[in-house]
Amino acid sequence: MRLRVLCAALAALFLAAAPVQAENWPSRPVKIIAPFAAGGAADTLGRIIADHLSSAFREQFYIENRGGAGGIVGALAGAQAEPDGYTLVISSIASNVISPAFNGNTGYDGVRDFTHIAYLGGPPAVMVVHPSLGVATYQDFLGLARASKEPMSYISPGTGTNGFLVGEYLAREEGYKVSHIPYKGAGPALTDLLAGHVKLGTVTFSTAAEQIRAGKLTALAVSTEKRIPSFPDIPTFRESGRDLVTATWFAISGPARLPNDIVREVSRETLKALQLPEVQARLAIDGIETKLMSPEEFTKFVADETARWAPLAKSLAANP
């Protein structure tokens, strides 16, 4: 009798410790952490994918905005979550590549401490100014910035974001001084820029597109290889004399050791969503380009991006 009781107890313990399998997942709502404030590209992309996953799995996938420290706060929460499939995170070049290199003590490794599932897409960076600054082109701005005795204050979604990196890179390469004003996400940063409290910003194009279209902000240059079809009047940085092509990419990841069958299921449905005509049309409006990657391909992509951008981020940290 005692042996049977012991065996039953061990079996129950084994089952409780067994990894979650896709056939019984999800059985309750799944949280997707967006490490930036509502209104930014991470939030926009996350909600598009969350809606599709909710329909595909017949269970709620919802966004929880957890901004702060250039995406570190939300990314750390995602890395520290239980690998049971019920907490995913919007990973990005900011939170997984730039911030770990710039800060050095984020509490996580942007590659090893995550299960990278699927690349979503990346809006380009755009340099925007408040109309009251009185410049209409990138070269006009450079003339003003170089002649200024005071540093040009500029906004970004936060220290360690791609907007921050682009803003500092341009200042160093073009020979003008800047004073960085970080925010907890692109939404709050754009609010101050629209109010004219700050005149200059480097943000994701998707965040600023509506305000550019309405004439409330002036776009000086965008970091795409070619002009965005829906905004043909905005020149690229290359056209404006500065060879800069980059995207502020976002993706779906989870904590390390996420069960492989769940990874495959989420990857498969995410890639389906990205190929839907209505999703493609929605993303094209903001200049967001998608790439279809397997989990293995995306993991390699994150490692390659780290090798590309980490040295510059570390240099900025060492020589502010």
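The values are calculated or read from the model by the stated rules, or taken from the named source; none is laboratory data. Model, not experiment: these values are computed from the prediction. Backbone-built Cβ (ideal geometry, glycine too); neighbour counts: all protein chains shown. Please note that ligands, DNA and RNA were not included when accessible areas were found on the heavy atoms of the full protein model with its side chains. Shrake-Rupley method; radii C 1.70, N 1.55, O 1.52, S 1.80 Å.
The range 250-320 and the range 185-205 have Cα centres separated by 25 Å. Per residue, the range 146-226 exposes an accessible area of 41 Å² to a 1.4 Å probe, with every protein chain left in place.
For the range 167-288, the carbon plus sulfur part of the accessible surface works out to 51%, probe radius 1.4 Å. Relative to the longest principal axis of the Cα atoms of the chain, the long axis of helix 186-195 makes an angle of roughly 30 degrees. Based on protein heavy atoms only, the range 251-301 ends up with 48 Å² per residue of surface accessible to a 1.4 Å probe. DSSP beta bridges fully contained in the chain are about 55 percent antiparallel. Helix 41-57 and the longest principal axis of the C-alpha atoms of the chain enclose an angle of approximately 30°. Identify the residues of the range 259-302 with backbone N under 17 Å of a label point that sits 7 angstrom from the Cα of residue 226 along the Cα-to-Cβ direction, or state none. Counting only backbone N, you get 281, 284-291.
In the range 43-167, the ratio of gyration radius to Kirkwood radius, Rg to Rh, stands at 1.08 when only Cα atoms are counted. Using a Debye calculation, one point per C-alpha and no hydration shell, please list log10 I(q)/I(0) for the range 107-187 at q = 0.13, 0.24, 0.25 Å⁻¹ in order. The calculated log intensity ratios at q = 0.13, 0.24, 0.25 Å⁻¹ are -0.52, -1.30, -1.37.
Think of a 1.4 Å ball rolled over the protein heavy atoms: the range 56-139 then has 33 Å² of accessible area per residue. Against the chain, whose longest principal axis comes from its Cα atoms, helix 138-147 is set at around 70 degrees. Taking the Kirkwood radius as Rh and the Cα radius of gyration as Rg, the range 169-320 has a ratio of Rg/Rh equal to 0.99.
Checking [x] 89, 43, 32; [y] 98, 40, 40; [z] 78, 53, 30 against Cα extents along the principal axes in Å calculated from these atoms, the matching label is [x].
Of the solvent-accessible surface of the range 111-153, computed with a 1.4 Å probe and all protein chains present, 51% belongs to carbon and sulfur.
Can you pull a Stokes-Einstein diffusion coefficient for the range 95-142 at 10 °C (1.306 mPa s), Rh from Kirkwood over Cα pairs, as a whole number of µm²/s? D = 110 µm²/s.
Report summary: the helix-based calculation at 222 nm, which adds -39500 (n - 2.57) for every DSSP H run with n ≥ 4 and divides by the residues of the chain, gives -13500 deg cm²/dmol. Each of the GluC sites (Glu not before Pro) that DSSP puts in a loop and that has at most 16 other Cβ atoms within 10 Å breaks the chain; the longest unbroken stretch is 60-224.
Carbon-plus-sulfur accessible fraction, the range 26-78 (probe radius 1.4 Å, protein heavy atoms only): 47%.
Spread over its residues, the convex hull of the C-alpha atoms of the range 235-320 is 140 Å³ per residue. Take the Cβ atoms of residue 137 and residue 294, set R0 to 51 Å, and the FRET efficiency comes out at 0.75.
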